[in-house]
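Have a look at the structure below before the remarks.
The values are calculated or read from the model by the stated rules, or taken from the named source; none is laboratory data. Everything quoted here is computed from the prediction, not taken from an experiment. Please note: Cβ atoms are built from the backbone with ideal geometry, for glycine as well, and neighbour counts cover all protein chains shown. Each accessible area value is taken on the protein alone, full model and side chains, heavy atoms only, with ligands, DNA and RNA left out. Shrake-Rupley method; radii C 1.70, N 1.55, O 1.52, S 1.80 Å.
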Amino acid sequence: MIQSVFFDMDGTLFDSMPHHAQAWEEVMKRYQFDFTAKDVYLQEGRTGPDVITECYKRKYGVAPDKDWVWSLYKEKTEAFAHRGETYPIEGVAEVLQELQRQGISAWVVTGSAQDTLFAHLDHCFPGSFVRERMITAYDVEHGKPDPEPYLKAWERSGLRKEECIVVENAPLGVVSAKAAGLFTVAVNTGILERKDFQSVGADLILDNMEQLLVFFRVMAHIGKNVFPYYSTFDKGHNMEHVRKVIDESLVLARQYDADGIMAYTIAAYHDLGLRVNRAEHHLYSGAYIREDDALRQWFTPEQIEIMAQAAEDHRASAKSEPRSIYGKIVAEADRDISPETILCRTIQYGLKNYPELSAEEHFERAYEHMLNKYAEGGYIRLWLHSKRNEEGLRHLREIIADRELLRSICLRYYAEETASR
Ligand code: CA
């Protein structure tokens, strides 16, 4: 369960980016640098002096004088101050209230160094922040995109990484948070496009704070009402499994521009039908989605139907193609195509169904199955370009091409499986 959320400040809590962009443009123009508003957003997260140094290097090929950098940065700070007060991002106050209600603590992780920062935060979001839960420019040696700011917050929190989430609005902020190994939500509050966040690996890309509020509510609901069942399922369908399916679903949702919150929800429910039985669990998982009243607060009837069908389709065989991109996402995310798993399962299946076969015969049976299904021209079909699964398949094909290697692996699994019987 999530215990802490680390918020970036400019552009995430405060709508200060337009003012920053105008101030940068004004000052950079004064010195004939080519620096647009879009550059400001793409560079966001870096310290001011770093931005100026990079810009100068790009134009002149040498590093600028440090005093000159600081004097220019002072001009920019003054230009920013002239633009007056900045206000909270629309909808962020409701997100912070929701976190308070859930008992999740909010942190600020910013490259800013204003002395009045805490007073301003407390004024705008009363009760949400405490001084100890702030990482500012004073706390770190290297600013974003270095992981240090987020690592500092995580260390100070004393939590496990999976108990923390980062909320960022800037690509370089996402780079910093991902390098720190944290789950990162990008909320695109500015002028950038989705692809600017896809390329840096944001786990979830949202358009606004209303969607972030929905995500936190959906997560709380699932954490309380869905995940606990997974601890009652077998090893192949436990919490570790569902986490893996969620992670890969989010990777694919990002890659295929699908709704990340829907992909998350489908993955979370995809094996829930095991509560009823194994053979038809995919159908029951779909039914649980359709019958869950809580989901209707956050999803349209059409979205719920798509999610239910996707859960039903998650065991898609080579013959039945999932009905939507969401079905393909969860089917691919659920697939484990690593050679170890495939070969071990094939031997296990053989032992269960053909116990009379010798070790060599088990290998021959497995080899035949590999040629039919997984070798080049075999009947396996991947529904999407999942990097993870394509790599697994490539690795498996290398083994299939080497009959002796395949034989030795199969005989090893045979020995291991029969030894434990
Ligand atoms: Ca920011």
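From the list K66, K59, pick out the single residue that is at pLDDT 90 or above and either out of contact with any Phe, Trp or Tyr (no Cβ under 7 Å at 6 or more places or on another chain) or closer than 24 Å to H123 by Cβ (or both).
Working: K59 fails: either out of contact with any Phe, Trp or Tyr (no Cβ under 7 Å at 6 or more places or on another chain) or closer than 24 Å to H123 by Cβ (or both).
Being at pLDDT 90 or above and either out of contact with any Phe, Trp or Tyr (no Cβ under 7 Å at 6 or more places or on another chain) or closer than 24 Å to H123 by Cβ (or both) holds for just one of K66, K59, which is K66.
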* To do: Check whether at least one residue in the stretch 1-11 is at pLDDT below 90, open to solvent by 30 Å² or more (accessible area, probe 1.4 Å) and farther than 19 Å from A79 by Cβ, and report yes or no.
  => yes
* Asked: Of the conditions (1) in contact with an Asp or Glu (Cβ under 8 Å, 6 or more places away or on another chain); (2) away from the ligand (no atom under 16 Å from the Cβ); (3) basic (K, R); (4) closer than 23 Å to G190 by Cα, R46 fails just one. Which one is it?
  -> (2)
* **Positions within the stretch 40-98 being among the basic types (K, R) and closer than 24 Å to F14 by Cβ, in sequence order** => R46, K74, K76, R83
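What number of residues within the stretch 337-360 are in a helix (DSSP H, G or I) and either modelled with pLDDT of 95 or more or open to solvent by less than 80 Å² (accessible area, probe 1.4 Å) (or both)? Explain how you work it out, then say what you get.
Looking only at the stretch 337-360, we keep the residues that are in a helix (DSSP H, G or I), and these are 339-353, 359-360.
Applying the additional criterion that residues be either modelled with pLDDT of 95 or more or open to solvent by less than 80 Å² (accessible area, probe 1.4 Å) (or both) yields 339, 341-344, 346-348, 350-351, 353, 359-360.
Count: 13.
Kindly evaluate E390 against the criterion of being over 26 Å from I261 (Cα atoms), part of a helix (DSSP H, G or I) and open to solvent by 20 Å² or more (accessible area, probe 1.4 Å).
Values: over 26 Å from I261 (Cα atoms): no; part of a helix (DSSP H, G or I): yes; open to solvent by 20 Å² or more (accessible area, probe 1.4 Å): yes.
Judged against the criteria, E390 is not a match.
Answer yes or no: is there a residue in the stretch 243-265 that is of a type in the set (S, T, Y) and closer than 24 Å to A153 by Cβ. So that I can check it myself, show each step before the final result.
Taking the stretch 243-265 first, the residues of a type in the set (S, T, Y) are 249, 256, 264-265.
Cutting the leftovers down to closer than 24 Å to A153 by Cβ gives us 264.
Scanning the stretch 243-265, I find at least one residue that is of a type in the set (S, T, Y) and closer than 24 Å to A153 by Cβ, so the answer is yes.
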* Subset of the stretch 50-70 [open to solvent by 20 Å² or more (accessible area, probe 1.4 Å) and either within 16 Å of the ligand (Cβ to nearest atom) or under 22 Å from V140 (Cα atoms) (or both)] -> D50, T53, E54, K66, D67, W70
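Evaluate the following for P171: is it closer than 22 Å to G91 by Cβ and crowded, with 20+ Cβ neighbours inside 10 Å? Talk me through it step by step, then tell me what you get.
On the way: closer than 22 Å to G91 by Cβ: yes; crowded, with 20+ Cβ neighbours inside 10 Å: yes.
Yes.
Any residue that is closer than 27 Å to V130 by Cα, within 13 Å of the ligand (Cβ to nearest atom) and surrounded by fewer than 21 Cβ atoms within 10 Å (Cβ to Cβ) - is there at least one of those in the stretch 71-83? Before the answer, list the steps.
Just the residues of the stretch 71-83 that are closer than 27 Å to V130 by Cα, to begin with: 77, 80-81.
Of the ones still in play, those that are also within 13 Å of the ligand (Cβ to nearest atom) are none.
Scanning the stretch 71-83 turns up no residue that is closer than 27 Å to V130 by Cα, within 13 Å of the ligand (Cβ to nearest atom) and surrounded by fewer than 21 Cβ atoms within 10 Å (Cβ to Cβ).
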* Asked: Would it be correct to say that A220 is in contact (Cβ under 8 Å) with a residue 24 or more places away in the chain, in a helix (DSSP H, G or I) and closer than 30 Å to D293 by Cα?
  -> yes
* State the number of residues belonging to the stretch 153-212 that are touching a residue at least 60 places away in the same chain (Cβ under 8 Å), within 16 Å of the ligand (Cβ to nearest atom) and touching a Leu at 6+ places or on another chain (Cβ under 6 Å). => 3
* Out of the stretch 1-23, which residues are within 14 Å of the ligand (Cβ to nearest atom) and farther than 14 Å from K144 by Cβ? -> L13, F14, D15, S16, M17, P18, H19, H20, A21
* Taking the stretch 88-122 as the search range and keeping residues that are within 15 Å of the ligand (Cβ to nearest atom) and open to solvent by 20 Å² or more (accessible area, probe 1.4 Å), which one is farthest from D139 (Cα to Cα)? -> P88
* Asked: Checking I191 against (1) open to solvent by 10 Å² or more (accessible area, probe 1.4 Å); (2) under 30 Å from D15 (Cα atoms); (3) at pLDDT 95 or above, which single condition isn't satisfied?
  -> (3)
